[in-house]
Amino acid sequence: MLYPSLDPNERFRDRRQSSRRRKRRRRAVVAGILLLAVLALAGGMTLAGKGGKAGAGAGTQAASHAPATLQVAARPRPLPVEVRGVHVTAALASIPGKLAEYEALTKYGLNTIELDVKDEGGEIGFNPSGVALARKTGAVRDYYDPHKVAREMHRKGIYLIGRVVVFQDPYLARARPDMAIRRPDGSIWATSAGLEWVNPYDRRVWDYAVSVAASAARAGFDEIMLDYVRFPSDGDVGAAVYPGRTSVPKGRLVANFAAYARQRLAPLGVRVSTALFGLSATRDMGIGQVPRWISRHVDQVHPMSYPALYGGGELGIASPSAEPGETVFRTLIDFKREIRGSGAQLVPWVQDWSYRPEQVMQQIRAARLQGAKGFLLWNASGIYTKSALAPPS
């Protein structure tokens, strides 16, 4: 007999009290775990220790060597039901009152702003914390305060995307020729426009770009869009020399970079996306952009479906620029096929220059017909068709 000294009623009471004590202990353990999770979430920490993975040493702060056995990451802010946004350069954001003008587009239907973090020239719009190399290259500008911008955008209900140009980076290439694409004579390779690129095979380049992106993520950006995630497409590409080149195909290398970026950025509570050439889902362009592989490692894919960039006959259209809606429609057919099963969503770039408002709307209607998650308007001068931002009627 388990309790020989107790009568049946006493044994029942004892068992009931013991059960209550066990339940209280379980509740206390669960509460403690939840408290730790909340504290980690609020502080942007992990239970194993602060910091992300250490890169290959491109000037970032030393990462913690504590084993990252358990991470508690902030969850990304909700994505708009339909993304309706515009592109804003860092230089434009530096003009007093300019960002407020873009924020005011919410009255027309805008809910998203893509703001450049690191642009095609290699300039960085703010001083990224923990990236000493950025300052050494001379790329840092004081265009805007990322924390202040993020807080203001969120207060206005705007989803904030930070665009980070990766492999075209004149500042880094000139400051660190050892990270640059070279010519056979050892000089730095450049495009026909004179813009230098850094070496996609160099993991220090990966670390540098993603460290800049991580600084934006910690400041409060909702999504990091990786652009120029590819090999060069113009200039004397046949003369490009890639120090440390391996047998890994270009497409696999670029997809591996996307996986690396997501591994480092996702724990910071941001979505990760890529901007891809509009024809990259239609044919191999020789630049390492394979949507089928890249889409497995990102949350959104942003096809650059600008009709002006398509040659005559592409997609079976005699003059793509004359048929903007059909061009976007057929582009997205190919992208839907290529990213099927990846879980990534399509949010195409829409051409908002050299077109009448109706031609801009033709592209947007095409995107909606294809079930895209939304669209982003691109105009390098920052002037947009306000009526195009209206929700679907």
Open item on the list: Quick test for you: out of Ala190, Ala214, pick the one residue that is touching a residue at least 40 places away in the same chain (Cβ under 8 Å), closer than 15 Å to Gly162 by Cβ, in contact with a strand residue (DSSP E or B) (Cβ under 9 Å, 6 or more places away or on another chain) and surrounded by 17 or more Cβ atoms within 10 Å (Cβ to Cβ).
Closed with: Ala214
Task: Scope segment 77-115; condition over 19 Å from the mean Cα position of the chain (by Cα), of a type in the set (Lys, Arg) and farther than 19 Å from Ala390 by Cβ; matching residues - done: Lys98
Open item on the list: Just the residues that are open to solvent by less than 50 Å² (accessible area, probe 1.4 Å), under 27 Å from Gln345 (Cα atoms), at pLDDT 95 or above and in a loop (DSSP other than H, G, I, E, B), please, taken from segment 51-105.
Closed with: Leu79, Pro80, Glu82, Thr89
TODO: Looking only at segment 119-139, decide whether some residue is open to solvent by less than 60 Å² (accessible area, probe 1.4 Å), in contact (Cβ under 8 Å) with a residue 60 or more places away in the chain and within 22 Å of Asp234 (Cα to Cα).
DONE: yes
TODO: Name the residue, out of Leu226, Leu276, that is part of a strand (DSSP E or B) and under 24 Å from Val131 (Cβ atoms).
DONE: Leu226
Task: From the options Glu196, Glu152, Glu223, residue that is open to solvent by less than 50 Å² (accessible area, probe 1.4 Å) and within 30 Å of Lys107 (Cα to Cα) - done: Glu223
Task: Verdict on Tyr208 being touching a residue at least 40 places away in the same chain (Cβ under 8 Å) and open to solvent by 10 Å² or more (accessible area, probe 1.4 Å) - done: no
- [ ] Could you list all residues from segment 163-187 that are aliphatic (A, V, I, L, M), touching a residue at least 60 places away in the same chain (Cβ under 8 Å) and over 30 Å from Asp222 (Cβ atoms)?
- [x] Ile181
- [ ] Select from segment 310-319 the residues that are within 17 Å of Phe335 (Cα to Cα) and open to solvent by 40 Å² or more (accessible area, probe 1.4 Å) and list them in ascending order.
- [x] Glu314, Gly316
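The values are calculated or read from the model by the stated rules, or taken from the named source; none is laboratory data. Because the structure is predicted, anything quoted here is derived from the model rather than measured. Methodologically, a virtual Cβ is constructed for each residue, glycine included, from the backbone with ideal geometry; neighbour enumeration extends over all protein chains shown. Each accessible area value is taken on the protein alone, full model and side chains, heavy atoms only, with ligands, DNA and RNA left out. Shrake-Rupley method; radii C 1.70, N 1.55, O 1.52, S 1.80 Å.
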